[in-house]
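Presented below is the structure to which this report refers.
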Amino acid sequence: MMMVQSKLSDCISEGDGGFYLDIKVSAGSSENLIKGIDPWRDKLVIHVKERAKDGKANRAIIQLLAEELCVSHDDVHIVKGKRSDRKRVFIAVDKDDILERLKRFQKV
């Protein structure tokens, strides 16, 4: 999949007490990382080592996002797509703060 630069705001929407982040997950990857933005799907692409079995990949996604965005694991929730590679995650923190933290992932 070819990645090009896109706007972070395309994959983020505001919610009550936080914001929603639309992601595309590649489970069973060689490393845990936030790859960048897929502009055709308006999603942030995330790779995790864990396979999509017994919720392991979902837990790895929450851990990776919490660590990279410097928020508590308790503030990150998968609210849609728990059994899909396309997910919506709610992060209970100010959107402007997270936009600044996510800027480093904008370019691939």
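Normalising the average separation of contacting C-alpha pairs (under 8 angstrom, six or more residues apart) by the number of residues puts the relative contact order of the chain at 32 percent.
The charge dipole of the chain, taken about its Cα centre with unit charges on the Cβ of Lys, Arg, Asp and Glu (plus for the first two, minus for the last two), comes to roughly 640 debye.
Counted over the chain, the DSSP beta bridges are approximately 80% antiparallel.
Ignoring aspartates and glutamates fewer than eight residues from residue 53 along the same chain, the ones with Cα atoms less than 18 angstrom from its Cα are 31, 85. Checking the cross-link pairs 7/56; 80/103; 56/82; 49/82; 35/80; 49/103 against a 19 Å limit on the alpha carbon distance flags 7/56; 80/103; 35/80; 49/103 as lying beyond it. Other residues whose C-beta falls under 9 angstrom from the C-beta of residue 92 contribute a net charge of -2, scoring Lys and Arg +1 and Asp and Glu -1.
A simple count of charges around residue 50, restricted to other residues whose Cβ falls under 12 Å of its Cβ and scoring Lys, Arg +1 and Asp, Glu -1, yields +3.
Dividing the alpha-carbon radius of gyration of segment 1-87 by the rule-of-thumb value 2.2 N^0.38 Å gives 1.03. Other residues within the sphere of radius under 14 Å centred on the Cβ of residue 74, judged by their own Cβ, net out at -1 (K and R +1, D and E -1).
Every read-out reported here was derived from the displayed coordinates using simple, explicitly stated rules and does not represent laboratory data. Everything numeric in this text was worked out from a predicted model, so none of it was measured. Methodologically, a virtual Cβ is constructed for each residue, glycine included, from the backbone with ideal geometry; neighbour enumeration extends over all protein chains shown.
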